[in-house]
């Protein structure tokens with residue numbers, strides 16, 4: 001079961017947001033300054049205020065968690081979801097929205113796109129069988 005995520009807020013994750021997420025997935029919990037350093041190591045020098053703005057957007061989108069380290073008196077940031085979980089949630093939200101608004105058109109499009117790829121159809125059938133078995 002997927003928890004509610006505002007799909008409108010996360011379906012458009014910008015390039016710098018993606019880089020920050022990649023750093024968070026790699027390091028698990030870091031400060032904004034650490035993210036700045038990692039970006040600089042990647043040749044992506046950004047102002048501290050810019051990085052904080054990006055992190056705050058990700059917190060607002062409920063993709064990144066923020067907590068205060070009381071000993072150090074600094075904020076630490078960590079990803080709420082793994083990369084795989086976030087991708088699944090985005091796809092689930094987008095596909096669910098498409099099916100809700102354009103059910104028949106979405107189904108027809110997917111069927112047409114998949115009709116030429118037998119291997120893909122086989123994988124989808126296996127996945128559906130697994131879901132039916134355990135669902």
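FYI, it's all coordinate maths here, none of it is from the lab. The shown structure was predicted, so the numbers you read here are calculated from the model rather than taken from an experiment. Here the Cβ positions follow ideal geometry from the backbone for every residue, glycine too, while neighbour counts run over all protein chains shown.
Sorted largest first, the spans of the alpha carbon positions of region 84-134 along the three principal axes are 27, 26, 19 Å.
Entry note, the chain: the mean residue ellipticity at 222 nm calculated from DSSP H runs of n ≥ 4, each adding -39500 (n - 2.57), is -20500 deg cm²/dmol after division by the residues and rounding to the nearest 500. Is the shape of region 7-80 best called rounded, prolate or oblate, per the rule: a/c under 1.5 gives rounded, else a/b larger than b/c gives prolate, else oblate, with a ≥ b ≥ c the square roots of the Cα gyration tensor eigenvalues? Judged from the Cα gyration tensor, region 7-80 comes out oblate (a/c at least 1.5, b/c at or above a/b). A value for Cα extents along the principal axes in Å was derived from the coordinates, and within the list (1) 54, 31, 27; (2) 57, 40, 24; (3) 61, 29, 19 it appears as (1).
Expressed as a rounded percentage, what relative contact order does region 7-80 have, with Cα pairs under 8 Å and six or more residues apart? List each step's numbers first, then the result.
On the way: 77 pairs, mean separation 25.5, N = 74.
The normalised contact order for region 7-80 reaches 34 percent.
Between residue 26 and residue 70, the C-beta separation translates, for a Förster distance of 22 Å, into a calculated FRET efficiency of about 0.30.
The slack in the chain from residue 108 to residue 82, taken as 0.36 nm per residue of separation less the alpha-carbon distance, amounts to 6.2 nm. For the chain, the longest principal axis of the alpha carbon atoms and the long axis of helix 32-41 meet at an angle near 80°.
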